Amino acid sequence: MKQIALGFFLLCSAAFFLSGCGKVIGVDIPKNQIDQQVKAKFPVTKPGIINLTLAHPVLTFNGAADRIEATTDVTLRLGFVPAKGSVDVDGKLEYHPEDGSIRMGAIRVLKLNVAGLPPGRHEEVIGMIGNMLTPMFKSISLYQFDSKNRLEELARAHLKGFKVNSDSLTVQIAY
């Protein structure tokens, strides 16, 4: 009789526990909190044949499922020739569990305006800048989960996806 009661108790407990599985909850991270973390990482410089600096980032949350846009000022030096402009990119949000960060991936350059480039080399330089931008943006953490915040630690452990709202990023947690 005890074994039947114990078996019934275990079966009911398992059914209760499993009834929550497959559900998704969202944790909102306000845009201004993300903006603060991103602005603290700028300016970003990539030295090389073209010395490229990105500064003054502006993130746009346009309500796409899992993509955001970023606009930054661009300053570059090609030899002794300085040039300035701006770049608009968008990227798919990606979670990097090794450091608990959210970054942009699958980056697309939407618009690149740079004034002051040498005549006759404009298209070539624009192509080189475009190739440099992708790894630069991929290396910048948009948001770093706080390991001391229990809700963010839960999100970090069970992250399922993202939903971009106009004023926040919703991290979807599966349980």
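Quick one: 125, 87, fewest Cβ neighbours within 10 Å first, how do they rank?
Ordered from fewest to most neighbouring Cβ atoms within 10 Å, 125, 87 come out as 125, 87.
Do any trypsin sites (Lys or Arg not before Pro) in segment 92-175 lie in a DSSP loop with no more than 12 other beta carbon atoms within 10 Å, and if so, which?
121, 148
For segment 134-175, max minus min Cα coordinate along each principal axis, in Å, sorted largest first?
Reported extents, whole Å, longest axis first: 33, 24, 17.
For segment 91-162, which GluC sites (Glu not before Pro) are in a loop by DSSP, counting at most 11 other Cβ atoms within 10 Å?
98
So for segment 21-174, what percent of the C-alpha to C-alpha distances run longer than 28 Å?
26 percent
Return the distance in nm (one decimal) between the two label points of a simple spin-label model at residue 144 and residue 37, each offset 7 Å from Cα along Cα→Cβ.
0.9 nm
Given the pairs 23/138; 84/138; 23/111; 41/111; 111/148; 39/160, which span a C-alpha to C-alpha distance of over 32 angstrom in this model?
23/111; 111/148
Below 14 angstrom from the Cβ of residue 52, what's the summed charge of the other residues (Lys, Arg +1; Asp, Glu -1)?
+2
Read the figures in this text as sums done on the coordinates, not as results from a lab. Note that the coordinates shown come from a computational prediction; the quantities given were computed from them, not determined experimentally. FYI the Cβ positions are ideal-geometry reconstructions off the backbone, even for glycines, and counts take in every protein chain you see.
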